[in-house]
Each structure stands twice: as C-alpha cells, then as structure tokens.
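Here's the structure we're looking at; comments come further down.
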Amino acid sequence: VQLQASGGGSVQAGGSLNLSCAQSGRTFSFYAMAWFRQAPGKEREFVAAVTWKGGAEYYSDSVKGRFTISRDNAKNTGYLQMNSLKLEDTARYYCAAPFYARATMDQYDYDYWGQGTLVTVSS
C-alpha cells in the first residue's frame, strides 16, 4: 500500500490549501483514512479522519470548523481542505491508512503512511 500526499505550500494566515492523498495497492474504498501533522520540535498529532464510506468524520479541536476531510473513492484519493489557516497550522502533513477498516484518532492504529507534505503559514 502506498500513499502519496501533495498540495502543501506556503500561504498567508487566513488563506486556504487543499491537500490530496492518492492511495494505491489495495481497494481504497474499504478502509478509513486520516491526516496527521507534525510541527518542528513537536510530536505528531491527529488532525482528521474519515470512515471508509465517508459517512463519519472526526476532527481535532484545533481544526474543527476550519478543516474538512473528504474522499473520492472512485479516484482512490482523500483530501483535506484547510481554510482560515493560522500560524500554528504550520507543519508537515501526513495521510495515513489503517490495516483494518476502522477510523480512529490514534496514530498507532495506522499502518500505512505517506511521505508528508509541508504546509507553511506566515503572517
């Protein structure tokens, strides 16, 4: 299973970015997917997760109301729409998928990881 994250870049505070995560190697639609991030000098933290059909979404409190996770099973791709970006959103963002189907907020439940895409928010 391979995940390829893209869409990161530099943006001013208040701006928007849309990250993509393309998955290959197994049937994408059978499994949940999630986004995590890691800021310099900090531990990796949960951002958002979505169930295999997209019926339920989960968000960290820090991004709730600003970020939206979604997926297009026909394209084997997940997305993270990030609006109203803040300085503290600066981090490398990773998409992840579990060996089993369940969506969780625990990074240790995820077995497959993309290489990450860097998001830098400036004032």
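The values are calculated or read from the model by the stated rules, or taken from the named source; none is laboratory data. Quick caveat: nothing in here was measured; it's all calculated off a predicted structure. No Cβ is skipped: glycine too gets one built from the backbone with ideal geometry, and neighbour counts run over all protein chains shown. What goes into the accessible areas is simple: the full protein's heavy atoms, side chains included, and nothing from ligands, DNA or RNA. Shrake-Rupley method; radii C 1.70, N 1.55, O 1.52, S 1.80 Å.
Looking at the chain from every direction and averaging, what is the projected area of its Cα convex hull in nm²?
Average of the hull's projected areas for the chain equals 6.6 nm².
For region 1-110, the carbon plus sulfur part of the accessible surface works out to 48%, probe radius 1.4 Å. If each of Arg66 and Arg44 carries a label point 7 Å out from its Cα toward its Cβ, how far apart are those two points in nm? It is 2.2 nm. The DSSP beta bridges internal to the chain are antiparallel in roughly 90% of cases.
Taking all protein chains as shown and a probe of 1.4 angstrom, Phe30 keeps an accessible surface of around 120 Å².
Here each label is just a point 7 Å from Cα along the line to Cβ, and for Gln115 and Gln12 those points are 3.1 nm apart. Largest first, the three principal axis extents of the alpha carbons in region 1-48 are 36, 23, 15 Å in whole numbers.
Test of understanding: what is the full-extension gain from Asn83 to Gln4, defined as 0.36 nm times their sequence separation minus their Cα-Cα distance? Walk me through the numbers on the way to the answer.
Details: separation 79, 0.36 × 79 = 28.44 nm, distance 2.15 nm.
Stretched fully, the Asn83-Gln4 segment lengthens by 26.3 nm.
Per residue, region 1-61 exposes an accessible area of 52 Å² to a 1.4 Å probe, with every protein chain left in place. Modelled this way, with points 7 Å down the Cα-to-C-beta line, the labels at Asn73 and Arg26 are 1.6 nm from one another. Ranked by the mean number of other Cβ atoms within 10 Å per residue, highest first, peptides 108-117, 31-40, 10-19 order as 31-40, 108-117, 10-19.
Just to be sure I follow the rule: in region 26-123, considering lysines 8 or more places apart or on different chains, how many pairs have Cα atoms under 21 Å apart? Can you show the working numbers first?
Values: Lys42/Lys64; Lys42/Lys86; Lys53/Lys64; Lys53/Lys75; Lys64/Lys86.
The number of close lysine pairs in region 26-123 is 5.
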